[in-house]
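Novice: For reference, the structure I am asking about is given below.
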Amino acid sequence: MSIDLHNRRAVVTGAASGFGKAVTHELLRSGATVVATDVDTDGLTRLTDEANTDALRTERLDVGDATSWTALIADAGPFDLAILNAGVATHHIRPEGALPVLGLDTERYRTVMSANIDGVVFGTQAVLEHMTATGFGDIIVTASVAGLVPIAPDPVYGLTKHAVVGFVRSLASALDQHAEPLDIHISAICPGFADTAILPDDAKVNLQALGVELLTAERVAETMMRAIKERTNGAQWVVWGGYEDEQYEWNQIRPLIPAFVAGEQ
Ligand SMILES: NC(=O)c1ccc[n+]([C@@H]2O[C@H](COP(=O)([O-])OP(=O)(O)OC[C@H]3O[C@@H](n4cnc5c(N)ncnc54)[C@H](O)[C@@H]3O)[C@@H](O)[C@H]2O)c1
């Protein structure tokens, strides 16, 4: 996708692998200056070697740590483009036949909530201050189709991705309703199953046996670039192997509190 991002300063989370790495390469190709972050510093070193450009800087950042976000902004910010993409699944081992939530230990639960939910909220807070000061910016959040439909094998992952979709839709609505017009957009990417490290190998084999076409990271990065280009506030971009990208449409229900629903001011 051709898009000119010269003069744009981007931060990417979860950039050492998968979608984050693929979109970092796309952003660099489009002329952006990128600060790529992750907890996996070896992966960041590999990314630096691959990209081989001064337009890329890498920083270790645990997205669930608000203090580290403050330090990142002070040291490497500000940013007018944020790709809040880092995430983990629960991957907990459960006894044969047991329901998935049973046996998920508290530490793993907190790790997943921290990366998938805190990381998006803290990241948004960190970049939004500068964006609101200038009145301009874009935030792209990696959710999942698991944020739109049930995911029986991993309900806690589904919880976090539904939370992120709700956050994006609600903040988009707040941006639309802001007293002073703001040229700031937030949208979510909702990929189906993809061939990245988050998915265990046996799950990939099982999915393919069921006829599911696994997405490549590059295909998801392309949709991220499209979301940056089209700037549809509050959109949830569904990316599914073998299908065209589409924006998810919710059933319209009676506005619960009209003043707080987008378009019902
Ligand atoms: N692969 C899929 O099937 C799929 C589908 C839908 C959504 N997603 C979502 O896409 C995003 C990217 O995942 P991916 O598929 O590229 O997997 P991945 O495992 O290849 O990449 C995730 C990256 O996030 C990093 N990370 C994890 N916790 C972190 C933390 N606390 N702070 C900073 N970095 C952290 C990891 O080190 C890793 O580099 C995730 O949010 C994931 O939930 C993945």
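Novice: Roughly what % of DSSP beta bridges within the chain run antiparallel, to the nearest 5?
Specialist: Bridges in the chain are about 5 percent antiparallel.
Novice: Another one. Starting from region 41-146, pick out the GluC sites (Glu not before Pro) whose DSSP state is loop and whose Cβ has at most 14 other Cβ atoms within 10 Å.
Specialist: On the way: sites: Glu50, Glu59, Glu96, Glu107, Glu129; in loops: Glu96.
Answer in residue order: Glu96.
Novice: Please compute the modelled spin-label separation between Asp195 and Glu50, points set 7 Å along Cα→Cβ, answer in nm with one decimal.
Specialist: Reported label-point gap for Glu50 and Asp195 is 1.4 nm.
Novice: Jot down the per residue volume, in cubic angstrom and as a whole number, of the convex hull over the alpha-carbon atoms of region 186-261.
Specialist: Dividing the Cα hull volume of region 186-261 by its residue count gives 130 Å³.
Novice: Using only Cα atoms, locate the centre of region 4-61 and the centre of region 89-132, then give the distance between them in Å, rounded to an integer.
Specialist: If we compute the Cα centre of each part, the gap is 23 Å.
Novice: For region 47-178, taking Cα atoms only, what is the radius of gyration to one decimal and the Dmax to the nearest whole Å?
Specialist: Spelled out, the Cα radius of gyration and Dmax of region 47-178 are 17.0, 54 Å.
Novice: Connecting C-alpha atoms closer than 10 Å in a GNM of the chain, tell me which of Val164, Val141, Val212 has the biggest fluctuation.
Specialist: Val212
Novice: Additional query: Apply the Karplus curve 6.51 cos²θ - 1.76 cosθ + 1.60, θ = phi - 60°, to the phi angles in region 75-80 and return the couplings in whole Hz, x for Gly and Pro.
Specialist: With coefficients 6.51, -1.76 and 1.60, one gets 8, 10, x, x, 10, 10 Hz.
Novice: Using the C-alpha atoms of the chain, what convex hull volume per residue, in cubic angstrom, is computed?
Specialist: Spelled out: Cα convex hull of the chain, divided by residues, is 143 Å³.
Novice: Under 23 Å between alpha carbons, and skipping anything fewer than 8 positions from Lys204 in its own chain: which lysines qualify?
Specialist: Partners found: Lys21, Lys161.
Novice: Taking loop as defined by DSSP and a crowding limit of 13 other beta carbons within 10 Å, which trypsin sites (Lys or Arg not before Pro) in region 120-209 fit?
Specialist: Within region 120-209, no trypsin sites (Lys or Arg not before Pro) qualify (loop, at most 13 other Cβ atoms within 10 Å).
Novice: Let me ask you something else. Name the most mobile residue of Thr67, Thr24, Thr216, meaning the one with the largest mean-square fluctuation, in a Gaussian network model of the chain with Cα contacts below 10 Å.
Specialist: Thr67
Novice: Around Thr48, under 15 Å between beta carbons, what's the net of Lys plus Arg minus Asp minus Glu among the other residues? Numbers along the way, then the final one.
Specialist: Details: positive: Lys21, Arg46, Arg57, Arg60; negative: Asp38, Asp40, Asp42, Asp49, Glu50, Asp54, Glu59.
Residues near Thr48 contribute -3 overall.
Coordinate-derived values only; no laboratory data. Everything numeric in this text was worked out from a predicted model, so none of it was measured. Note that we place each Cβ from the backbone using ideal geometry, even for glycine, and neighbour counts take in every protein chain shown.
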